[in-house]
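Shown next, in structure tokens, is the structure this report addresses.
The values are calculated or read from the model by the stated rules, or taken from the named source; none is laboratory data. These figures come from a predicted structure and were not determined experimentally. Methodologically, a virtual Cβ is constructed for each residue, glycine included, from the backbone with ideal geometry; neighbour enumeration extends over all protein chains shown. Surface areas here come from the heavy atoms of the whole protein model, side chains and all, with no ligands, DNA or RNA. Shrake-Rupley method; radii C 1.70, N 1.55, O 1.52, S 1.80 Å.
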Amino acid sequence: MTAAPSAANRFLRHSTVVSGVVAVILGAVAVGLIAETTLQRQFLMGALIGVSTFGLGGRLWHRWRGAVGLGLVVCGCLVVTAAAGNAVTQPPRIIHRLELLPGILGLWTLAAALVPIGFRWSRLLIAVGSGLLFVAVLTSGVVRGASTTALVVAAAATILAWDAAENAVSLGVQVGAHPETVTVRGELAHVMLSGGLAAGAVVAVLGVTHLGVDSLPFEALVALLVAGVVLLLASHR
Amino acid sequence: MSGRGSDSRASSDGSTGANGRNVDPLNPIRPRGVVPTGRWTGMAALALVPVGLGVLLRHPPLVLVGALGVAFAAYARGDAAPDLDVTIERDLSDPTPDPGDEVTVTLRVRNDGDGVLPDLRLVDGVPAALATGAPARLGTALRPGRTATLTYRVTAVRGAHDWDPVHVLARNPSGSRERDARIDAGGTTTLRCTPELEASASLPLRGLTTVYSGRVPTDVGGAGIEFHSTREYRHGDPAKRVNWARYARTGELSTLAFREERAATVVVCIDAREGAYLAPDAESPNAVERSVEAASQAVPALLDSGDRVGVAAFAPGDCRLDPGVGDEHAARARKLLATHPALAPTPTDERFLPTTWVRRFRRWLPADAQVLFCTPLPDDYAATVARRLDAYGHAVTVISPDATADDTPGHRLAGVERANRVSRLRSAGIRVLDWGEEPLATELERAAARWSR
């Protein structure tokens, strides 16, 4: 004898599709911006194909549990691994190897977070994936690879990718991702609003650069920023 | 049906939906009002990492990346929760469907405020007993004056089902804060689904009867059909019952006595305690549903044969219908079986004191009443109640829907325990109808052949 369950609140609890796809695309944009050489871009392209195959396979497997989905997941993993392996071994300069690997791994982790296989781990995987993307951006900044504009836009894309992925999971928890549940409007509105803010912030930051930061004492710039953070943390709402 | 939810009311309507089963299973103790989501926590600290690296390496672009992070953190921190001023309406395509009918529910939400609601999430308070194919949830963005519509279908089951207030979550553009509210969709939306009472094969009753004539054969000699005995003629005996054959043979007057057929008073008692809501699997109807189905068949059958019928629920709440006869009584019984909250398709979490209930039930029960006890026999107490009522002189017949499964050792053990209860009841002289998969009428036919009077 089992207690009769209630079917009223049955809903599919996994991340929503639109925000998930947007997140992976934004992550790819971020890595693409910091990839300087053609070789790096080729590997990134390969990794992107692998990640897409992996994501598609995961979704198919989640819905039908068929061999096709599982096969696509395995194929995607192999392609990503091959791309990552090449990204580490092929580029002639060591700094090029360093900046691409976390980017590819970050994209893969982000896709794994949004594929509805292990929803429990989604938030952790999103944090790890976006963290790896951010590490890739920082590495590019540290090795002085990408231009200032590319670096700032890549950083903005990374934050937007995390924002979209987190929103996909949050919607998945509260509203669910049943095929008949409509969430597209809300998802797109969120992405567009965050994107608008990011565009504004990028324009402002780059505008400051063009004002001639180089002539400003470097310490003054840093002090200004730290003061901004302190002001932010101190402000109570 | 329409209702308005405004800012002040959103935080004060905390009592609605507090009956346990309607609380969001994911966040059972979620606070109401403005809730910080905490999704941007640590952003400002993280922004300092590139700044630190930029300082160490004296590389301005990294500091600019940090500035970007600070901008996002400031955005999240400065972003206030949206003011929630929405009107919600809910419509049912058919508020009084038949069981099994699909009903389309339309939920319309209109933004009456001045600002855009960039991220509005709605979870409709679907009654627990109504199954939905797709979840009754919606995520959308809503400009001022615009309306969003959520449509879903529910399958009607027996009972009166009230919708709970809609759970509304409105997030600000950054998602850093959300407003959590329960908003009523106007008055209560109620779906009433009242099945017809359908008489099944006649129910074999036990010998306890009233003084009125009916169809239950008794051991009392008198007017009737089935031969009982002969006795000496007494002055005033009707001429048609005089044994004329014997008079012709011997010249002595004697009178034939037949078994008197009398009406019974039957109280159909349904075990609807929380522990009786059992089903062999997720798809099957639970034992209370089957018990109510048995009662819905027994009540009209008994009323048709002239017996007085009452209904009671062995459950929290005062669900009792005094024994009676007639069409009006049948209608009352139908309404009670269909919509009484004590017999709802899902359990209530009211406190229940079975001993007190049995005492009160005995006081209420007419002395000459039989009891038709519908219970899946989920525990020993149900069997004890049956034996106790039988011992007090109310002839008890148990109709027991079988809710056991045999997929796991635990389920098999529960099945064995129930079988033991059934055989103990039978050895105590109580009739038990073990109702398995087959229709009740078939099981009754089979049982009637087995049971002696």
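Look at (1) in a strand (DSSP E or B); (2) more than 14 Å from chain A (Cβ to nearest Cβ) and you find that B:His235 fails only one, number (1). If the condition is being farther than 21 Å from A:Val202 by Cβ and part of a helix (DSSP H, G or I), then the stretch B:45-85 contributes B:Ala45, B:Gly52, B:Val55, B:Leu56, B:Leu57. Which is open to solvent by 40 Å² or more (accessible area, probe 1.4 Å), of a type in the set (Val, Ile, Thr) and in contact (Cβ under 8 Å) with a residue 24 or more places away in the chain, of B:Thr250, B:Thr230? None of the others qualify; the one that does is B:Thr230.
When residues of the stretch A:30-51 are filtered for being in a helix (DSSP H, G or I) and surrounded by fewer than 20 Cβ atoms within 10 Å (Cβ to Cβ), how many remain?
Going through the stretch A:30-51, the residues in a helix (DSSP H, G or I) turn out to be A:30-34, A:38-51.
Add one more test, that the residue is surrounded by fewer than 20 Cβ atoms within 10 Å (Cβ to Cβ), and what stays is A:32, A:38-39, A:41-42, A:45-46, A:49.
Residues in the stretch A:30-51 being in a helix (DSSP H, G or I) and surrounded by fewer than 20 Cβ atoms within 10 Å (Cβ to Cβ): 8 in total.
Within the option set A:Ala136, A:Ala155, A:Ala146, A:Ala198, being open to solvent by 10 Å² or more (accessible area, probe 1.4 Å) and either within 7 Å of another protein chain (Cβ to nearest Cβ) or under 17 Å from B:Val65 (Cα atoms) (or both) holds for one residue only, A:Ala146.
Condition check: outside any loop (DSSP other than H, G, I, E, B), over 41 Å from the mean Cα position of the chain (by Cα) and either surrounded by 16 or more Cβ atoms within 10 Å (Cβ to Cβ) or β-branched (Val, Ile, Thr) (or both). Does B:Leu191 satisfy that? Criteria not met by B:Leu191. Only one entry in A:Arg13, A:Arg93 is open to solvent by 50 Å² or more (accessible area, probe 1.4 Å), over 16 Å from A:Thr158 (Cβ atoms), within 14 Å of chain B (Cβ to nearest Cβ) and not aromatic (Phe, Trp, Tyr), namely A:Arg13. Residue pairs whose Cβ atoms lie under 7 Å apart, separated by 6 or more positions or on different chains, with the first residue in the stretch B:63-80 and touching a residue at least 12 places away in the same chain (Cβ under 8 Å) and the second open to solvent by 20 Å² or more (accessible area, probe 1.4 Å) and small (Gly, Ala, Ser), are B:Val70/A:Gly228; B:Arg77/A:Ser235. Just one of (1) touching a helix residue (DSSP H, G or I) at 6+ places or on another chain (Cβ under 8 Å); (2) buried (at least 22 other Cβ atoms within 10 Å of the Cβ); (3) over 27 Å from B:Glu283 (Cα atoms) fails for B:Gly159. It is (3).
When B:Arg171 is tested against (1) among the basic types (Lys, Arg); (2) within 14 Å of chain A (Cβ to nearest Cβ); (3) under 30 Å from B:Leu343 (Cα atoms), just one condition goes unmet, and that condition is (3). Considering the stretch A:63-75, the residues that are of a type outside the set (Val, Ile, Thr) and open to solvent by 50 Å² or more (accessible area, probe 1.4 Å) include one that is nearest to A:Gly103 (Cα to Cα), namely A:Cys75. Considering every residue within the stretch B:129-146, establish whether at least one is open to solvent by 20 Å² or more (accessible area, probe 1.4 Å), under 30 Å from A:Ser194 (Cα atoms) and within 9 Å of another protein chain (Cβ to nearest Cβ). No - not one qualifying residue is present in the stretch B:129-146. On inspection, B:Arg21 fails the criterion of being more than 38 Å from the chain's Cα centre (by Cα), modelled with pLDDT under 85 and within 8 Å of chain A (Cβ to nearest Cβ).
For the stretch A:171-185, filtering for residues that are at the interface with another protein chain (Cβ under 7 Å from one of its Cβ atoms) and more than 14 Å from B:Leu142 (Cβ to Cβ) leaves 8.
If you scan the stretch A:106-126, which residues turn out to be of a type in the set (A, V, I, L, M, F, W, C), in a helix (DSSP H, G or I) and open to solvent by 60 Å² or more (accessible area, probe 1.4 Å)? Write out each step before concluding.
Of the stretch A:106-126, the ones of a type in the set (A, V, I, L, M, F, W, C) are A:107-108, A:110-115, A:117, A:119, A:121, A:124-126.
Filter again for in a helix (DSSP H, G or I), leaving A:107-108, A:110-114, A:119, A:121, A:124-126.
Listed by number, the residues that qualify are A:Trp108, A:Trp121, A:Leu124.
Out of the stretch B:118-135, which residues are more than 17 Å from A:Ser170 (Cα to Cα) and outside any strand (DSSP E or B)?
Going through the stretch B:118-135, the residues more than 17 Å from A:Ser170 (Cα to Cα) turn out to be B:124-134.
Passing the criteria: B:Val126, B:Pro127, B:Ala128, B:Ala129, B:Leu130, B:Gly133, B:Ala134.
Residue count for the stretch B:250-281 satisfying the condition of being assigned by TED's automatic domain parsing to the domain that holds B:Gly436 and farther than 25 Å from B:Leu208 by Cβ: 9. Checked against (1) in contact (Cβ under 8 Å) with a residue 24 or more places away in the chain; (2) more than 8 Å from every other protein chain (Cβ to nearest Cβ); (3) farther than 15 Å from B:Asp119 by Cβ, A:Pro217 meets all criteria but (1).
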